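Asks: I am attaching a structure below and will ask some questions about it afterwards.
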Amino acid sequence: MDKQQVTYVESEDHDHGRDPDSDDHEVRLEKDHPEAVPLGMNEEMYNAVYGEDSPSLWARGHIKLYMICTVLYFMSSMSGYDGAVMSSINVMQTYLDHFGMKSAGSSTGLVFSIANIASISVALFVWVADYFGRKPVIVAGIVGTLVGTVVVCTANTTDVFIGGRFLLFFSSGIAYVSIPLYLVEISPPNIRGALAGLFNTFNFCGTTVATLTSYGCYINYPYPDPLQFKIPLWLQMLCPGISFLGIMFCPESPRWLLAHGKPEKARKILTELHANGVENHPIVEIQMAEMHAELENNPISSFKEYFNIWDLVNSRSKRYRMFLATTWSWFGNFTGSQVISYYLPTMLSNLGVGSTEMTLLLNAIYAIAQWVFAVAGAFMHDIVGRRKMMLMATAGIVVCFSCVAIGASQYEKTGSEPSSVASIVFIYIFGCIFASTYTSLQPIYPAEVLTTQMRAKGMAFYQAIFNVSGFILAYTGSMAMEKMGFWYYVFFAFWNAFVFCIIFMWYVETKGRSLEELEEVFQASNPKKASYEVKVRGPTNI
């Protein structure tokens with residue numbers, strides 16, 4: 001047979017065999033055909049990554065890449081640490097008396113939600129990651145985080161405490177938005193899902209440290225010793241401090257360097273980290289060619305263009321990309337995860353767990369379980385695929401909230417201990433399901449579906465919408481639980497059923513493709529369907 005353009009497809013709902021009307025004489029094969037390559041990866045990239053001369057994943061260059069990523073993972077701990085430490089100290093009478101607050105109510109809601117207000121403000125400054133570079137902005141964010149922590153820990157009034165939290169979360173937000181951009185841009189396509197996905201799993205590193213520290217301080221520093229809540233707050237500096245020490249040894253993003261006229265530096269970084277130092281390796285040449293082509297079609301924005309929102313929606317493919325990024329940002333919080341993160345101890349109390357010591361212990365166990373599932377889930381992204389994991393997780397969340405609502409309603413009516421236990425069990429199952437998929441994909445999926453030219457501005461929108469939804473839930477969560485009771489959980493069950501439908505109908509699969517190859521997907525008439533096809537560029541013998 002003559003050399004032809006070949007497309008490998010994943011599912012049986014596509015046409016089979018050669019399309020006689022096709023200009024390029026396209027041939028379509030099933031995904032399990034012996035000559036098919038993995039979903040999303042063209043033949044050239046497949047040979048570069050998996051061929052005889054493919055780079056070893058455990059050679060010096062890749063190990064350095066893993067160390068770079070690990071250094072930045074620790075910065076992800078900030079969000080998890082805060083949610084856990086605030087929910088833990090929020091049941092400590094020493095903390096409540098010190099600042100004159102209650103464990104639930106509007107004042108507590110403001111202390112929690114100021115983190116979201118600060119993070120919303122970050123959306124106005126995400127462009128600096130494009131202008132100054134990923135690395136300098138990450139460094140500035142880490143330094144601001146450390147300063148903000150000092151203000152929080154030395155505060156003696158509620159106003160100063162809230163102000164310190166604003167500084168802390170504005171700074172950490174700047175770093176938090178820039179790091180996913182950096183990770184997806186520095187990772188090779190075959191392991192990008194795992195390397196970038198692991199970032200958000202360290203959320204639970206912070207959560208675990210915070211809950212265990214809070215539990216230990218509650219036992220060892222009894223009321224009214226302020227060290228009971230101040231030691232957990234001071235330890236908020238630990239993980240950002242590790243990131244600060246390590247970031248100095250990290251290179252700049254190769255895609256940012258290329259976009260700003262430094263192709264040789266970009267090539268050097270790709271050669272070292274993706275090809276283990278092998279000059280002119282195909283994996284480097286292919287990525288450099290794709291990045292050049294992508295930048296020709298979508299040049300990086302000038303300073304004035306950073307504030308031109310029209311650039312994000314001026315084509316059909318860009319509108320589709322922004323739809324995915326913005327809806328995913330809203331879904332991340334409105335699964336109900338943030339409510340449980342901040343108010344788990346209060347929820348446990350409402351379900352009959354009366355001991356503060358037991359509440360803090362259950363909070364710590366919840367964090368550890370989530371971390372285990374989050375890490376496992378991150379390694380599954382490049383095996384199962386992003387879209388399938390989203391659908392399975394969302395369906396599981398619907399079931400969990402339905403069961404929590406049923407158990408909570410029975411406990412409210414009868415005080416039944418089995419109903420209380422059942423609700424707590426499904427809260428924990430929810431946490432594990434959420435961690436396995438949503439946690440690791442939250443900042444990564446939007447960064448993947450956006451082009452290099454759109455990425456910083458698009459992630460600004462992601463950050464703003466994510467934190468608006470978080471602010472709504474953080475501020476209203478305690479009041480909603482007081483007023484609505486178990487009906488609050490019913491709401492999340494129905495909402496997540498709606499989320500499942502949106503993901504099923506429109507979300508695309510990004511597994512296996514380089515960031516530049518996704519342009520083909522979004523240019524298709526049906527991007528979701530196109531994301532399950534594998535294009536092999538160039539002649540292929542069949």
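Asks: Could you check segment 486-535 and list, in sequence order, the residues that are small (Gly, Ala, Ser) and in a loop (DSSP other than H, G, I, E, B)? First the steps, then the outcome.
Replies: Taking segment 486-535 first, the residues small (Gly, Ala, Ser) are 493, 497, 512, 514, 524-525, 530-531.
GLY512, SER514, ALA524, SER525, SER531, listed by residue number.
Asks: Right, another one. Within segment 54-83, work out how many residues are farther than 23 Å from LEU181 by Cβ and in contact with a Gly (Cβ under 6 Å, 6 or more places away or on another chain).
Replies: So the count comes out to 0.
Asks: Given the criteria under 19 Å from the mean Cα position of the chain (by Cα) and over 30 Å from MET390 (Cβ atoms), does ILE120 qualify? Can you show your working first?
Replies: Numbers: under 19 Å from the mean Cα position of the chain (by Cα): yes; over 30 Å from MET390 (Cβ atoms): no.
No, not satisfied.
Asks: Give ASN190, ASN156, ASN203 a once-over and let me know the one that is over 13 Å from the mean Cα position of the chain (by Cα) and at pLDDT below 85. Show your work before the answer.
Replies: Working: ASN156 fails: at pLDDT below 85; ASN203 fails: over 13 Å from the mean Cα position of the chain (by Cα).
Step by step, each of ASN190, ASN156, ASN203 is checked, and only ASN190 is over 13 Å from the mean Cα position of the chain (by Cα) and at pLDDT below 85.
Asks: Test of understanding: among TYR46, TYR73, TYR8, which residue is at pLDDT 85 or above and of a type in the set (Phe, Trp, Tyr)?
Replies: Working: TYR46 fails: at pLDDT 85 or above; TYR8 fails: at pLDDT 85 or above.
Unique residue meeting the criteria: TYR73.
Asks: Filter segment 160-194 down to the residues that are closer than 16 Å to ALA374 by Cα and surrounded by fewer than 24 Cβ atoms within 10 Å (Cβ to Cβ) and list them by number.
Replies: Passing the criteria: only ALA194.
Asks: Considering segment 412-437 alone, what residues qualify as being outside any helix (DSSP H, G or I) and either within 29 Å of PHE125 (Cβ to Cβ) or in contact (Cβ under 8 Å) with a residue 60 or more places away in the chain (or both)? Write out each step before concluding.
Replies: Going through segment 412-437, the residues outside any helix (DSSP H, G or I) turn out to be 415-416.
Across segment 412-437, the qualifying residue is only GLY415.
Asks: Let me ask another. Kindly evaluate VAL313 against the criterion of being of a type in the set (Val, Ile, Thr), farther than 28 Å from SER440 by Cα and either touching a helix residue (DSSP H, G or I) at 6+ places or on another chain (Cβ under 9 Å) or modelled with pLDDT of 90 or more (or both). Steps first, please.
Replies: Values: of a type in the set (Val, Ile, Thr): yes; farther than 28 Å from SER440 by Cα: no; either touching a helix residue (DSSP H, G or I) at 6+ places or on another chain (Cβ under 9 Å) or modelled with pLDDT of 90 or more (or both): yes.
No: the conditions fail for VAL313.
Asks: So SER440 ticks every box in (1) closer than 30 Å to VAL284 by Cβ; (2) in contact with a Gly (Cβ under 9 Å, 6 or more places away or on another chain); (3) part of a helix (DSSP H, G or I); (4) modelled with pLDDT of 85 or more but one. Which box is left unticked?
Replies: Just one mismatch for SER440, condition (4).
Asks: Collect the residues in segment 53-101 that are more than 28 Å from the chain's Cα centre (by Cα) and either free of Cβ contacts under 8 Å to residues at least 24 places away in the same chain or part of a helix (DSSP H, G or I) (or both), keeping them in residue-number order.
Replies: Residues of segment 53-101 more than 28 Å from the chain's Cα centre (by Cα): 53-54, 91-101.
Within segment 53-101, GLN93, THR94, TYR95, LEU96, ASP97, HIS98, PHE99 meet the criteria.
Asks: Could you list, ordered by first residue, the pairs with Cβ atoms under 9 Å in which the first is in segment 487-502 and within 13 Å of GLY336 (Cβ to Cβ) and modelled with pLDDT under 90 and the second is outside any helix (DSSP H, G or I) and small (Gly, Ala, Ser), at least 6 apart or interchain?
Replies: Listed by first residue and then by second, the contacts come to TYR488/GLY336; TYR489/GLY336.
Asks: Out of (1) at pLDDT 90 or above; (2) closer than 30 Å to ALA275 by Cα, what's the single condition that is false for VAL150?
Replies: With respect to (1) at pLDDT 90 or above; (2) closer than 30 Å to ALA275 by Cα, VAL150 is out only on (2).
Asks: Also: Failed condition for ASN156, given (1) surrounded by fewer than 20 Cβ atoms within 10 Å (Cβ to Cβ); (2) in a helix (DSSP H, G or I); (3) not hydrophobic (A, V, I, L, M, F, W, C), with all others met?
Replies: Every condition holds for ASN156 apart from (2).
Asks: Go through segment 159-176 and give me each residue that's over 17 Å from GLY246 (Cβ atoms) and either under 21 Å from the mean Cα position of the chain (by Cα) or not in a helix (DSSP H, G or I) (or both). Spell out how you get there, then give the answer.
Replies: As a first pass, look at segment 159-176 and keep what is over 17 Å from GLY246 (Cβ atoms): 159-171, 173-174.
Across segment 159-176, the qualifying residues are LEU168, PHE169, PHE170, SER171, GLY173, ILE174.
Asks: Another question, if that's okay. Evaluate the following for ILE472: is it farther than 22 Å from MET380 by Cβ and in a helix (DSSP H, G or I)? Working first, answer last.
Replies: On the way: farther than 22 Å from MET380 by Cβ: yes; in a helix (DSSP H, G or I): yes.
Here the answer is yes, as ILE472 does meet what is asked.
Asks: Next question, about the same structure. Which of the numbered conditions does LYS483 fail, given that it passes all the others? Conditions: (1) free of Cβ contacts under 8 Å to residues at least 24 places away in the same chain; (2) basic (Lys, Arg); (3) crowded, with 21+ Cβ neighbours inside 10 Å.
Replies: Failed condition: (3).
Asks: When you go through LEU212, LEU168, LEU183, LEU198 one by one, which is the residue that is modelled with pLDDT under 90 and within 26 Å of MET459 (Cβ to Cβ)? Please lay out each step first, then the result.
Replies: Values: LEU212 fails: within 26 Å of MET459 (Cβ to Cβ); LEU168 fails: modelled with pLDDT under 90; LEU183 fails: modelled with pLDDT under 90.
When all the criteria are applied, what remains is LEU198.
Asks: Also, I was wondering about something else. Exactly one condition in (1) out of contact with any Phe, Trp or Tyr (no Cβ under 7 Å at 6 or more places or on another chain); (2) more than 22 Å from ILE179 (Cβ to Cβ); (3) at pLDDT below 90 is not met by LYS511; state its number.
Replies: Failing condition for LYS511: (2).
This table checks each residue for (1) on the phi < 0 side of the Ramachandran plot; (2) surrounded by 22 or more Cβ atoms within 10 Å (Cβ to Cβ); (3) polar (S, T, N, Q).
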| position | (1), (2), (3) |
| --- | --- |
| TYR366 | yes, yes, no |
| ALA374 | yes, yes, no |
| MET380 | yes, no, no |
| LEU391 | yes, no, no |
| GLY396 | yes, no, no |
| SER402 | yes, no, yes |
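The values are calculated or read from the model by the stated rules, or taken from the named source; none is laboratory data. The structure presented is a predicted model; accordingly, all values stated were derived computationally and were not measured. Quick reminder, even Gly has a Cβ in these numbers, built from the backbone with ideal geometry, and neighbours come from all protein chains shown.
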